[in-house]
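Undergrad: What follows is a single structure, and I will ask about it in a moment.
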Amino acid sequence: MSETAGASGRAAVRRGLGSRLLHLLATQLELRMLLVIIVVMAVLSLISPYFLTPKNLLNVMDQSVIAGMVALGQTLVILIGGIDLSVGSLIGVSAVALGLVFPKFGVPLGIVACLATGTALGLVNGVIISAGKVAPFVVTLGMMSVGRSMAYVLSGASSIGNIPDSLGSLTEDSLFGIPIDFMCLIVAYAIAWYFLTFAKGGRTLYAIGSNVEAARIAGLSINLWSIAAYVIAGLMSAVAAVFLTSKVLSIDPIGGAGAELNSIAAVVIGGASLFGGRGSIIGTLGGVFIMVFISNGLNLLNVSPYWQGTAIGSIIIAAVLIERLLSGGRSGA
Amino acid sequence: MALLSLSEIGKRFGATVALAGASFTLEAGEVHALVGANGAGKSTLSRVVSGHIQPDSGTISLDGRPVRFAGAREAIRAGIVMVTQETSLAPDLSVLENIMLPRLGMPGRLDWRAMRRDAERLIARLGAEAGVAVGARVRDLAIGQRQIVEILKALALNSRLIIFDEPTAPLSPHETKLLFGIIRTLAAGGHGLVFVSHRLEEIFALSNRVTVLREGRVVAGAVPTRELTQGELIRLMVGRELTDIYARAGKTARPPHGAPVLSVRHLFAPPRVRDVSFTVYAGEILGLAGLVGAGRSETLETIFGLRPARGGSIELDGQSFSAASPRQAIRAGLGLIPEDRRTQGTVPDFSVRENLLLAHLGAHHGPGLAYRRRDSAVRRLLSLLGLPEQRLLDANLLTFSGGMQQKVILARWLVLSPRLLLLDEPTRGVDIATRSSIYALLRHIAAEGVACVVVSSDFEEVIGLADRIVVLSDGVDVTSIPSDMIDIEKLGMFAAPRSSAERTHTVLELLAERHGGMAFWISIEGGRVFCFDRVGTASLADPGFAGGSFPEIAETRIPEALARRAAGFVSEAESGLTTLLIPVPSESGHDFGLIGLTLARPPTHLDAEALAESVTHQLEPEAEREAA
């Protein structure tokens with residue numbers, strides 16, 4: 001996928017038509033993301049010889065799993081013109097569900113409980129937003145607070161330890177040198193890409209975000225798919241909770257804090273419009289990598305972690321500005 | 001010197017031309033009506049004047065000096081204010097604070113006492129009737145009062161030019177009268193007033209001059225209102241020179257009726273749809289005519305499952321049918337081309353191909369896209385519609401003209417081979433050339449047996465395109481008539497909202513009640529009588545036609561009276577009914593039809609001449625101007 005995109009880019013250069021390349025860049029979001037990622041990687045590898053070492057790359061993959069899982073769900077929500085502020089606290093509460101269930105019923109049932117919790121709370125979000133016609137910002141802001149509070153109540157406000165090795169191995173093991181959790185991430189994104197490109201539901205999400213009235217008149221299932229977006233966002237938060245638990249081998253009710261903003265940032269850097277209808281799942285994955293690279297690079301350069309917020313924030317604003325300049329002509333009515 | 005003059009104003013929105021060189025002048029002390037059908041550009045023009053949008057070309061001059069407004073704020077500073085339906089007031093502030101809002105933004109201490117004094121002086125200028133309490137919260141005011149506050153706000157800014165954009169749409173008759181009084185006071189005080197409206201009777205009651213826009217061009221510039229008749233004004237608004245664009249192979253070549261496809265009985269979907277019945281047959285194009293607000297779009301939306309019906313019944317192919325959602329309607333073989341292409345039709349982020357296949361996606365059962373399945377249908381439609389070639393299918397829809405976009409939306413439904421197409425203003429914002437190809441296309445699909453229901457505000461279009469016309473007025477169907485039996489004037493009289501035909505209706509009521517017969521408003525042409533309204537309970541005095549019917553004279557119960565149209569009472573030899581016909585007065589001698597009174601027995605002590613005179617007097621346009 002990325003190779004063909006790069007090849008066609010090179011072909012355009014060979015033809016000596018700079019304008020053609022520019023046109024490709026202006027129209028192909030994924031190509032643009034790829035270019036940015038290559039530039040970021042090149043700069044970081046020049047600055048730090050340690051950056052391109054296998055160990056650091058494994059580290060980067062590792063860091064991108066949790067952010068990536070949450071951003072996947074967030075992408076679907078933002079595509080319909082919504083927003084989900086509750087994904088972070090849903091990670092916390094579904095992790096706590098996992099922690100309460102596995103000691104008695106074992107890890108598999110624990111994971112089921114974890115995924116069920118995230119899905120159910122996502123469903124609540126979706127139903128209230130879609131059927132109750134309440135602004136998504138308000139509903140998910142409320143759910144953010146409810147989820148966090150539930151996590152504290154259910155866990156007795158303390159962290160849960162003694163996570164069995166079987167769960168820990170999820171983020172330890174690797175296949176052909178690639179961590180299993182990272183493979184899960186890539187599989188999840190591949191499925192999401194296929195869904196958004198070739199399934200009725202995926203195209204419906206785009207149509208809802210682009211012009212909900214036209215979609216309704218054309219007979220698309222507006223309510224079903226609007227709710228589904230929030231359900232998937234909840235489910236992906238729970239998936240992230242499983243990987244988080246596996247990685248830190250402890251369950252903290254406050255786990256996942258900040259994931260809502262990071263996921264929104266990844267989606268926005270990935271070129272999606274907060275008004276809905278425009279964006280891509282590959283773009284989001286690129287957004288996730290860019291954010292992870294930047295924080296990883298700043299770590300390697302021994303920059304104070306306090307500066308990371310400034311770096312990420314600047315990138316978000318720059319990304320939106322660039323998208324606006326590039327797509328300004330298209331969005332003009 | 002003119003207070004305001006616009007010359008050769010042009011404005012485009014994307015590929016749509018909103019104004020194509022429109023000119024307009026306004027004198028101080030006049031009420032200048034700006035009229036036109038939907039999409040004619042009257043709103044765009046008034047928003048250019050008020051600085052809300054900037055024209056692409058052309059010049060504006062105020063007091064003879066060229067001006068250029070970068071925004072509404074600059075126009076306000078120059079003394080130009082627009083009053084719209086949705087007022088720009090702050091609902092939680094008091095009337096006084098709203099009127100003096102610009103002063104609240106000035107530095108220094110507020111002198112509340114002076115502000116109150118100034119506000120009260122402004123209210124006094126509008127006349128005692130304007131009375132609004134300066135302390136009231138705007139949220140608690142009725143819409144009519146809010147408009148008055150808006151006007152006061154404009155006056156507080158020393159505005160000399162006020163634009164009223166459809167100000168009466170949400171107002172009650174009483175509030176409208178009040179507003180008109182205020183507008184006249186302002187005109188008398190030397191203000192220049194622009195009055196945008198589609199209510200003809202208001203234009204005649206209020207304005208001094210009229211400018212008519214059509215498709216972004218001025219078709220009649222600053223014509224004194226009294227030189228126009230209602231019929232002429234309608235013709236100017238909707239008429240077109242191209243008459244053979246309707247692709248009709250002669251009116252007589254109309255295909256014979258197929259089986260009824262859709263039958264609507266007493267449809268009730270408040271607030272707009274009150275009692276609508278009609279039937280449309282296979283292969284027929286049925287026009288749904290009426291004025292804005294008559295409930296036409298709402299009728300289509302109710303049939304299509306976009307709004308709930310609260311009463312009545314719908315039959316599709318003889319089977320009871322009710323769609324809870326568009327999806328059900330689509331799967332039953334219906335299609336809807338909505339009124340507003342931008343907000344209800346196009347999906348801006350989708351390619352032409354996906355826009356074309358959007359309804360297919362809605363109708364399709366499986367989880368995939370199955371776009372391939374429609375490949376051959378898409379190819380066929382592309383050539384039928386003269387749409388972009390296959391290779392352009394991946395382009396963005398918004399890069400094409402309005403007409404092309406509309407063709408794609410049409411094709412979106414044709415892909416599904418529907419049995420019934422509902423089209424709401426299908427040619428709005430579409431250039432003449434594309435229009436004519438859309439008409440040809442509709443003819444073509446009707447010939448294939450598809451039933452079409454077309455809503456249009458363009459009377460000429462309805463008459464030219466449809467085989468039969470159902471006229472809606474205030475949410476009720478008033479007549480169903482073959483299109484070759486009606487013209488724009490009569491259509492206008494049928495479509496007149498009950499509320500605006502109120503004066504005639506009141507006269508009829510008085511006549512029927514006082515003399516114990518039946519009173520009616522008709523027009524006679526080509527041996528037929530067209531009845532627009534009929535009042536009275538005396539069934540013995542039934543003239544043989546009712547409101548909305550259009551029988552031949554010989555079929556009525558008063559053929560002699562209708563044939564002779566004499567000045568006095570005419571008795572029928574056969575039935576003994578006695579009828580008096582009185583021409584409806586009009587300043588220009590234009591035909592506004594006849595008012596009639598039919599009595600069961602010859603009157604004993606009724607002077608025909610005196611009665612005619614009193615009816616004429618009650619109907620005089622001047623009578624209302626004086627009363628108001």
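What follows draws every value from the coordinates through simple rules; no lab data is involved. As the structure is a computational prediction, the values presented were derived from the model and not from experiment. Cβ coordinates were reconstructed from backbone atoms using ideal geometry, including for glycine residues, and neighbour counts include every protein chain displayed.
Undergrad: List, in order, the whole-Hz ³J(HN,Hα) value for each residue of region B:44-50 obtained from phi through the Karplus relation with A = 6.51, B = -1.76, C = 1.60 and θ = phi - 60°; use x for Gly and Pro.
TA: So the Karplus estimates, Gly and Pro as x, are 4, 5, 5, 6, 5, 4, 7 Hz.
Undergrad: I've got another one for you. Search the structure for amide H atoms under 5 Å from the amide H of B:Arg468, placed 1.01 Å from N in the peptide plane, and list their residues when 5 or more places away or on another chain.
TA: Those lying under 5 Å, H to H, from B:Arg468 are B:Ile285, B:Gly287, B:Ser483.
Undergrad: What is the sum of charges, Lys and Arg at +1 and Asp and Glu at -1, for the other residues whose Cβ falls under 9 Å from the Cβ of A:Val65?
TA: After counting each charged neighbour, the total is -1.
Undergrad: Can you list the residues, at least 5 places off or on another chain, whose amide H is less than 5 Å from the amide H of B:Asp533, using H built in the peptide plane?
TA: Result for B:Asp533 returns B:Trp521, B:Gly548.
Undergrad: Any of A:Lys55/A:Lys247; B:Lys11/B:Lys153; B:Lys407/B:Lys490; B:Lys153/B:Lys177; A:Lys200/B:Lys407; B:Lys42/B:Lys177 with alpha carbons more than 27 Å apart? Name them for me.
TA: Numbers: A:Lys55/A:Lys247 17 Å; B:Lys11/B:Lys153 29 Å; B:Lys407/B:Lys490 31 Å; B:Lys153/B:Lys177 20 Å; A:Lys200/B:Lys407 24 Å; B:Lys42/B:Lys177 23 Å.
Beyond 27 Å between Cα atoms: B:Lys11/B:Lys153; B:Lys407/B:Lys490.
Undergrad: Name the shape class, rounded, prolate or oblate, that the alpha-carbon gyration tensor gives for chain B, where a ≥ b ≥ c are the square roots of its eigenvalues, rounded holds for a/c under 1.5, and otherwise prolate holds if a/b is larger than b/c and oblate otherwise. If you can, show how the numbers build up before the last one.
TA: Numbers: a/c = 1.84, a/b = 1.05, b/c = 1.75.
Oblate, because a/c is 1.5 or more while a/b does not exceed b/c.
Undergrad: May I pose another question? Return B:Arg146, B:Arg184 ranked ascending by Cβ neighbour count within 10 Å, so the fewest neighbours appear first. Mind dumping the intermediate values first?
TA: On the way: B:Arg146 22, B:Arg184 16.
Fewest-to-most Cβ neighbours within 10 Å comes out as B:Arg184, B:Arg146.
Undergrad: Hey, what do the phi angles of region A:238-253 turn into as Karplus ³J(HN,Hα) couplings, whole Hz, using 6.51/-1.76/1.60 and θ = phi - 60°, x for Gly and Pro?
TA: So the J values, rounded to whole Hz, are 5, 4, 4, 4, 4, 5, 4, 4, 4, 7, 8, 6, 6, 10, 10, x.
Undergrad: Please list 3J(HN,Hα) in residue order for region B:114-124, calculated via the Karplus relation 6.51 cos²θ - 1.76 cosθ + 1.60 where θ = phi - 60°; whole Hz, with x for glycine and proline.
TA: Result, ordered by residue: 5, 4, 5, 5, 4, 4, 5, 5, 5, 4, 4 Hz.
Undergrad: In region A:80-119, which residues have a backbone nitrogen under 17 Å from the label point lying 7 Å from A:Ser159's Cα in the Cα-to-Cβ direction?
TA: Counting backbone N atoms under 17 Å from the label point, the list is A:91-100.
Undergrad: Still on this model: Provide the net charge surrounding A:Pro164, with neighbours chosen by a C-beta distance below 15 Å and charges set as Lys +1, Arg +1, Asp -1, Glu -1.
TA: Working: positive: A:Lys104, A:Lys247; negative: A:Asp165, A:Glu172, A:Asp173.
Around A:Pro164, the charge tally is -1.
Undergrad: Where both partners of a DSSP beta bridge lie in the protein assembly as shown, what percent of those bridges are antiparallel, to the nearest 5? Please list the in-between numbers first.
TA: Working: 67 of 102 bridges.
Rounded to the nearest five, the antiparallel share is 65 percent.
Undergrad: Classify the protein assembly as shown: rounded, prolate or oblate, from the alpha-carbon gyration tensor (a ≥ b ≥ c, eigenvalue square roots; a/c under 1.5 rounded; otherwise prolate if a/b is larger than b/c)?
TA: Working: a/c = 2.27, a/b = 1.82, b/c = 1.25.
Prolate, because a/c is 1.5 or more and a/b exceeds b/c.
Undergrad: Right, next: Report, as an integer, the average count of C-beta atoms from other chains found within 10 Å of each Cβ along A:205-214. All intermediate terms of the calculation are to be shown ahead of the outcome.
TA: Numbers: counts 0, 4, 8, 1, 2, 7, 11, 3, 8, 16.
Partner Cβ neighbours, averaged per residue: 6.
Undergrad: Report, by chain and number, residues whose modeled amide H sits under 5 Å from the one on B:Ile163, excluding near sequence neighbours (fewer than 5 apart, same chain).
TA: B:Val81, B:Met82, B:Val83, B:Val194
Undergrad: I've got another one for you. Could you compute the net charge surrounding A:Gly287? Neighbours are other residues with a C-beta less than 12 Å from the C-beta of A:Gly287; K and R count +1, D and E count -1.
TA: Numbers: positive: A:Arg32; negative: A:Glu30, A:Glu323.
Net local charge, A:Gly287 excluded: -1.
Undergrad: What share of the DSSP beta bridges in chain B is antiparallel, in percent to the nearest 5? Before the final figure, lay out each step's value.
TA: Details: 63 of 98 bridges.
Percentage antiparallel, nearest 5: 65.
Undergrad: I'd like the projected area of region B:501-627, averaged over all directions, using the convex hull of its alpha carbons. Report it in nm² with one decimal.
TA: Answer in nm², one decimal: 7.5.
Undergrad: So, one more: If you average the C-alpha positions of region B:121-162 and of region B:183-204 separately, how far apart do those two centres end up, in angstrom?
TA: 17
Undergrad: Which one, A:Gly126, A:Gly177, A:Gly99, has the greatest fluctuation when you compute a Gaussian network model over chain A with C-alpha springs under 10 angstrom?
TA: In the Gaussian network model the winner is A:Gly177.
Undergrad: Give the separation of the Cα centroids, region B:254-329 to region B:388-462, in Å.
TA: 20
Undergrad: What is the fewest-to-most order of B:Val134, B:Val264 by other Cβ atoms lying within 10 Å of their Cβ? Show your work: numbers first, answer last.
TA: On the way: B:Val134 19, B:Val264 24.
The order, fewest Cβ neighbours first, is B:Val134, B:Val264.
Undergrad: Taking the highest mean first, how do the peptides B:20-33, A:225-238 order by number of other beta carbon atoms within 10 angstrom per residue?
TA: Working: B:20-33: 20.3, A:225-238: 27.3.
Highest mean packing first, the order is A:225-238, B:20-33.
Undergrad: While we're here: From the gyration tensor of the Cα coordinates in region B:261-494, what semi-axes in whole Å does the equivalent ellipsoid have, largest first, with each one equal to sqrt(5λ)?
TA: 29, 20, 15
Undergrad: Here's another thing I want to ask about it. Classify region A:118-269: rounded, prolate or oblate, from the alpha-carbon gyration tensor (a ≥ b ≥ c, eigenvalue square roots; a/c under 1.5 rounded; otherwise prolate if a/b is larger than b/c)?
TA: Numbers: a/c = 2.75, a/b = 1.41, b/c = 1.95.
Oblate.
Undergrad: To continue, here is another question. Which of A:Val124, A:Val65, B:Val352 comes first, and how do the rest follow, when ranked by fewest Cβ neighbours within 10 Å?
TA: On the way: A:Val124 19, A:Val65 28, B:Val352 23.
The fewest-first ordering by Cβ neighbours comes to A:Val124, B:Val352, A:Val65.
Undergrad: Nearest 5 percent is fine: what portion of the DSSP beta bridges confined to region B:261-494 is antiparallel? Provide the component values of the computation, followed by the final result.
TA: Working: 19 of 37 bridges.
Around 50 percent antiparallel, to the nearest 5.
Undergrad: For region A:50-327, what is the relative contact order in percent, using Cα pairs closer than 8 Å and at least 6 residues apart in sequence?
TA: Values: 498 pairs, mean separation 96.0, N = 278.
It comes to 35 percent, rounded to a whole number.
Undergrad: Calculate the length of the line joining the C-alpha centroid of region A:59-102 to that of region A:210-275, in whole Å.
TA: The distance from the Cα centre of region A:59-102 to that of region A:210-275 comes to 7 Å.
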